[in-house]
Amino acid sequence: MKKYLLWLYPGLKIKRYILLIIAGILSFAWGFHLLIVENQRLYLLIVLCISIFLIAYGFKKLLNSVLKSLYPDERGNVIEELYLRKKLLRGPKIAVIGGGTGLATLLRGLKHYTSNITAIVTVADDGGSSGRLREEMGMLPPGDLRNCLVALADKESLMESLLQFRFTEGDLAGHSMGNLLLAALWKINGNFSQAVFSLGQILKVRGVVYPSTEDKVVLRGILVNGDEVVGESRFREVAVPIKRVYLHPPGAKTLPEVEKALLEADLIILGPGSLFTSIIPNLLVKGVVESIRKSRAPVLYVMNIMTEKGETAGFAAHDHLQAIIEHAGPIVDYVLVNNESFAEQLLAKYQREGQQPVAVNEKLLKKLGVKKVIKAPLLDQKQYLRHDSEKLARVIINFYRKEIAEKI
């Protein structure tokens, strides 16, 4: 009995609404008394209208008061927030594989359609702040995982400013706040994946983020002339085409959570992102490709918009896909490409730096086993030629609803 009396404690701001509901119920009973005992039908209609209003208004205010106490950080209508969360929970299960800014761009758009997102992120980065933390502390590089967490954050603007803040002086110069926070959580938890999960809870991310492996690996590559490249950051400097890449030491295994996400996914997405340094390294981890093949989910490859100097110079769309096949086998079912025209001024800037739009030959893609090539306007041309997160996510979700969901 005592626990029910707690509802009447001062400061909860619910007693007034409970009294309104009680008043509505009593007036409702009085209305039936007027009908049965006194046969006053006119008064009955008036009393019933008042009763229904009091009960409905009281319940609405009582519910809002309770929910605002439970979710004090939510702005606006709490019911709308809860409805949105429920709606996102009913969205498709999507596993996204990649790294770099391309993956974060995609996640930033997808989170508005579903919260059943699993981002599987490469840990081969060895440059910048991530490289320093990797070398000095022996931890996995946090940079790409941090970007994905920020992209999936429920309230992105403030957290993005905080976690992407980069120190410019002293011993911390070059480090981002998010990388340091992940390093601290790693030390506290003793497990890198748990550190990522903990930061995700702080950010209230719409989905989960996992490293593709917890093994410490170095990305290496063999060029067509036989030379070897060691370290992810060195691939940008190559002037000779890349023949293949591999992880050292060999035998890196993925997480059980990654395998489970791939097996249960409704859709698996590769990219967008750097072909040899963001996408393929994940596919080289033992358990990733095996799980993709076992999964009932189709695989969609989001083609890059521009070639990358050094890494994919001169590559057409089918060259990108051929590289994936040579490293992971024929796992791609669909390819998404941009068909929006480029702003001439921006395009000229990229061409001066040795980059070109990725040429698309639909026939050659289908010869490599692609079921369908999806063409759509995907560009964000404000400052750079890159994918627009909203356009990209909308096209992917529409594709899923029309091509996949109806067949399940």
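A few notes on this one:
- Criterion applied to Ile21, Ile55, Ile25 was being in a helix (DSSP H, G or I), surrounded by fewer than 16 Cβ atoms within 10 Å (Cβ to Cβ), at pLDDT 65 or above and among the β-branched types (Val, Ile, Thr), and the one residue passing it is Ile25.
- Selection within region 145-177 - more than 19 Å from the chain's Cα centre (by Cα), of a type in the set (Gly, Ala, Ser) and not in a helix (DSSP H, G or I): Ala173, Gly174, Ser176
- Residues that are aliphatic (A, V, I, L, M), in contact with a Phe, Trp or Tyr (Cβ under 7 Å, 6 or more places away or on another chain) and assigned to a loop (DSSP other than H, G, I, E, B) within region 359-377 comprise just one, Val370.
- Considering (1) more than 25 Å from Asn282 (Cβ to Cβ); (2) touching a residue at least 24 places away in the same chain (Cβ under 8 Å), the lone condition that Lys363 does not fulfil carries the number (2).
- When region 296-317 is limited to residues that are within 15 Å of Pro272 (Cβ to Cβ) and among the hydrophobic types (A, V, I, L, M, F, W, C), the one that is surrounded by the fewest Cβ atoms within 10 Å (Cβ to Cβ) turns out to be Met306.
- Close pairs (6 angstrom Cβ cut-off, 6 or more residues apart or separate chains): of a type outside the set (A, V, I, L, M) in region 15-26, part of a helix (DSSP H, G or I) anywhere: Lys15/Leu8; Tyr17/Gly58; Tyr17/Lys61; Tyr17/Leu62; Gly24/Ser51; Gly24/Leu54; Gly24/Ile55
- Unique residue being in contact (Cβ under 8 Å) with a residue 24 or more places away in the chain, farther than 18 Å from Leu300 by Cβ and assigned to a helix (DSSP H, G or I) when the list is Tyr350, Tyr384, Tyr400: Tyr350
- Residues located in region 318-333, provided they are touching a strand residue (DSSP E or B) at 6+ places or on another chain (Cβ under 6 Å) and buried (at least 21 other Cβ atoms within 10 Å of the Cβ): Val332
- Residues of region 202-218 satisfying the condition of being within 14 Å of the chain's Cα centre (by Cα), on the phi < 0 side of the Ramachandran plot and at pLDDT 90 or above: Val205, Arg206, Val208, Val209, Tyr210, Pro211
The values are calculated or read from the model by the stated rules, or taken from the named source; none is laboratory data. All values derive from a computational prediction rather than experimental measurement. With ideal geometry, Cβ positions are generated from the backbone for all residues, glycine too; neighbour counts draw on all protein chains shown.
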